[in-house]
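Visitor: Got a structure for you, questions after.
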Amino acid sequence: MHKLFARQIAKTTKPTGEVDIAALGELVIEAYTQADRDRRRTDRSIGLMIEELDQLNRGLEQLVEERTTALRERENELQEQNLRFNAALQNMSQALLLFDGAHKLSICNQRYIEMYGLSTEVVKPGCTFRTLLEHRKERGNFPDDVEQYLTNHRAAMARGQIYSRIVELSDGRTIVVVNHPMATGGWVSTHEDITERRRAEKQIAHMARHDALTNLANRVQFQERLAQALAEIPRGERLAVLYLGLDQFKSVNDTLGHNMGDELLKIVAGRLRNTVRDIDTVARLAGDEFAIIQVNLERPTDTANLARRIGEAIRAPVDLAGQTIVTDASIGIAIAPADGTATSDIMKNADMALHGAKAEGRGSYRFFEPEMDARMKRRRELEQALRRALAVGEFELHFQPIVNVADNHITSCEALIRWNHPERGMIPPAEFIPIAEEIGLIVQLGEWVLRTACADAVHWPDDTKVAVNLSPIQVMNKSLVPMVVSALAATGLPATRLDIEITESVLMQNTDTTINALHQLRELGVSISMDDFGTGYSSLSCLHKFPFDKIKIDRSFISGLPESADSIAIVRAVAGLAKNLNMITTAEGVETQQQLDQIRMLGCTEMQGYLFSRPCRAEDLLKLFPSRYEMRALSA
Ligand code: C2E
Ligand code: CA
Ligand code: CA
């Protein structure tokens, strides 16, 4: 202030050195006014500052409140999460432990306590890892050495590595233990009981390599074993593969049902297992196909002996639900290295030998021969030729009369198919019908037979029926009834003049639909005959299933006449039964007068056979019918 005052005095000092008091007074007043203004300005800005601070404060208070609410919410959430975590921890299927950096237990779920049967007195937060392991050892649930385990575990944790082990407990359980290191120096440890999973895996692995029905090796395992055996076969030694097919298995399956078929397969499997040595392998490859690997062959006769022993074992009668079944097996044999050294070659050749054995008839065994290869090729050619034959019309129908034994009158004629092959001549049906059935051509072929037979029969006397053989596959076919109706309509043959011959195997397959179809045919007026009676396993029970019009007694019984007492008894019984059931009986394959006399005496009503006529062409058949004139005379 004194500087300002000095300046004011200097300003108001006149040149004479005298101070102008009035001017000075003005200057001082001005200075005071200025100072007053300054103070007021300062006061104002202080007021503003206070207001601002106030506002800031209020904002802060609000923020604090907001934060507090958020924190409280977060805390609730945390609590809830904690509850959830606890629930999860206690309910998980794995045992879970958490250790802190001091190797002391911080968390442990109930599952862990239960898994090893531990005491919660010992296993609780704060318990050391060592104490815990020792406690488990004490309870018999720690198979390893505690010290060793601790050392390994510690080393892994220190390296920050996961330390996992599979523990086999003395009670048979398998536990997977995984220790997961954490940044704190502690670790999380999980224990999972994988006993069930292991068992299931083993089961699946077993199933993949075994046949479910018989528990024998399946094809997969058989091939593996064979490949291994072939690879290990010592120089100068040999091994044999025997392929085995049950004879007539299909017929057991068809006539007695699949359950019985399965039973039979199990019995056969057991017998095979008992026939071979432990070092050999028995497998079921498919259906009724079995295979054996015979290793360490010592003598050349070893395999033939085994094949014979297998044959004997299988031929022993089997009791199936009260029925005695006798089966037999055909066996094909390939020898390594002579017949090949690759699995595929040995299997193919053994299979071919099996086909050879089957062709030879029941219960035989055959070794592979190179010519079999050629024979298989011929069969494939036959398949192709069959398809072509139908297209170009190489089939013919021959007819064989069936005669009433009382008056020698022809009651019907059976249509029998022939293949007139351009090079091989007349081929009998037994050679190609099974192939046609296998390749599905039988439906078309059968339709041709039916139409042709009906068309021919129109030219015969009105009281002569035509008998047509139907294979099981045709009868199962949904279009059987429409096909028959259309054949009758197209040819104009009355339904009452058509007779359908089926074998018992037809009734065993898909029974309901089959029997329905047969009933529908019967309603149309078609008659149904049971063919080859007595050759299957349940001919008698078939008579229950469907009301047949006729029983055709198989040729095998007639050929036993007149000597065989068994044949006589059977023919008499069947004829008697048929008479009571109001059915016709036809004796098949009557070749001699003696046989004719006898079947007539035994009660058969009809005969069919070479004695009266062999099957003949349609035009030759017409000559066997009496002329119109004679017929008129007969009826007069
Ligand atoms: P099957 O139905 O038992 O036919 C009777 C067979 O016995 C015929 O043989 C016939 O020629 C033969 N035969 C007749 N009388 C005598 C005799 O006195 N002595 C001897 N030893 N044999 C006699 P074929 O013609 O070789 O027929 C064989 C089988 O082929 C037939 O047996 C039948 O099951 C089947 N077959 C024939 N034609 C057809 C057809 O069109 N469709 C179907 N699905 N099968 C047919
Ligand atoms: Ca027949
Ligand atoms: Ca027959």
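Quick note: the coordinates plus some simple rules give every number you see, no bench work behind them. Computed from a predicted structure; not experimentally measured. Note: ideal-geometry Cβ built from the backbone for every residue, glycine included; neighbour counts use all protein chains shown.
Visitor: Between helix 129-138 and the chain, what is the angle of the helix's C-alpha long axis to the longest principal axis, kept within 0 to 90° and rounded to the nearest 10?
Guide: Relative to the chain, helix 129-138 is tipped by roughly 30 degrees.
Visitor: Modelling each spin label as a point 7 Å along the Cα-to-Cβ direction, I'd like the I166/Q594 distance in nm, to one decimal.
Guide: Result: 7.7 nm between the two label points.
Visitor: Please give the direction-averaged projected area of the C-alpha convex hull for region 95-197, in square nanometres with one decimal.
Guide: That works out to 5.9 nm², a quarter of the Cα hull's surface.
Visitor: Could I get the Rg over Rh figure for region 3-87? Both from C-alpha atoms, Rh via Kirkwood, rounded to two places.
Guide: Checking Rg against Rh, the ratio lands at 1.71.
Visitor: Which whole-angstrom value gives the distance between the alpha carbon centres of region 1-23 and region 229-268?
Guide: 142
Visitor: If the limit is 28 Å between Cα atoms, which of K202/K250; K465/K545; K250/K348; K358/K579; K465/K579; K358/K478 go over it?
Guide: K202/K250; K358/K579; K358/K478
Visitor: Using the basic label-point model (7 angstrom from Cα toward the beta carbon), what is the S486 to T68 distance in nanometres?
Guide: Roughly 9.5 nm, to one decimal.
Visitor: Would you be so kind as to identify which of F548, L60, C604 lies farthest towards the positive end of the dipole of the chain, taking Lys and Arg as +1 and Asp and Glu as -1 on Cβ and the Cα centre as origin?
Guide: L60
Visitor: Enter the per residue convex hull volume of the chain, computed from alpha-carbon coordinates, in Å³ rounded to the nearest integer.
Guide: 457
Visitor: Another question, if that's okay. Which of the lysines could a cross-linker bridge to K14, judged by Cα under 21 Å and excluding same-chain residues fewer than eight apart?
Guide: Within the straight-line limit of under 21 Å, K14 reaches these lysines: K3.
Visitor: Viscosity 0.692 mPa s, temperature 37 °C: what is the translational diffusion coefficient of region 66-107 from Stokes-Einstein with a Kirkwood Rh over Cα pairs, rounded to a whole number of µm²/s?
Guide: 266
Visitor: Percent antiparallel among DSSP beta bridges with both residues in the chain, to the nearest 5?
Guide: 70
Visitor: Where Lys and Arg each count +1 and Asp and Glu each count -1, what net charge lies around C127 among other residues with Cβ under 11 Å from its Cβ?
Guide: +1
Visitor: Under the rule of -39500 (n - 2.57) per DSSP H run of 4 or more residues, summed and divided by the residues of the chain, what mean residue ellipticity at 222 nm is obtained, to the nearest 500 deg cm²/dmol?
Guide: The per-residue figure over the chain is -17000 deg cm²/dmol.
Visitor: I'd like the orientation of helix 146-158 relative to the chain: the angle between its Cα long axis and the longest Cα principal axis, in ° from 0 to 90, rounded to 10.
Guide: 60
Visitor: Give the residue from V28, L264, I310 lying farthest towards the positive end of the charge dipole for the chain; charges sit on Cβ (+1 for Lys and Arg, -1 for Asp and Glu) and the dipole is referred to the Cα centre.
Guide: So the residue we want is V28.
Visitor: Further, regarding this structure: Given points 7 Å out from each Cα along the Cα-Cβ axis, report the E423 to H206 separation in nanometres with one decimal.
Guide: That separation, rounded to one decimal, is 5.5 nm.
Visitor: Farthest toward the dipole's positive end in the chain, which of V468, G393, N179, given Cβ charges of +1 (Lys, Arg) and -1 (Asp, Glu) about the Cα centre?
Guide: After comparing all options, I get N179.
Visitor: Shifting gears a bit: Between S119 and N215, what FRET efficiency follows from the Cβ-Cβ distance if R0 is 60 Å, with the result rounded to 0.05?
Guide: Here the calculated transfer efficiency is 0.85.
Visitor: What aspartates and glutamates sit close enough to K11 to cross-link, taking a C-alpha to C-alpha distance under 13 Å and skipping anything fewer than 8 places away on the same chain?
Guide: D20, E26
Visitor: Given the C-alpha centroids of region 270-310 and region 341-369, what is the distance between them in whole angstrom?
Guide: For region 270-310 versus region 341-369, the Cα centre distance is 14 Å.
Visitor: Assigning unit charges at the beta carbon (Lys, Arg +1; Asp, Glu -1) and nothing else, what dipole magnitude in debye, to the nearest 20, does the chain show about its Cα centre?
Guide: 1180
Visitor: Pop the C-beta distance of R173 and I515 into the FRET formula with R0 = 56 Å and round what comes out to the nearest 0.05.
Guide: So the FRET efficiency works out to roughly 0.50.
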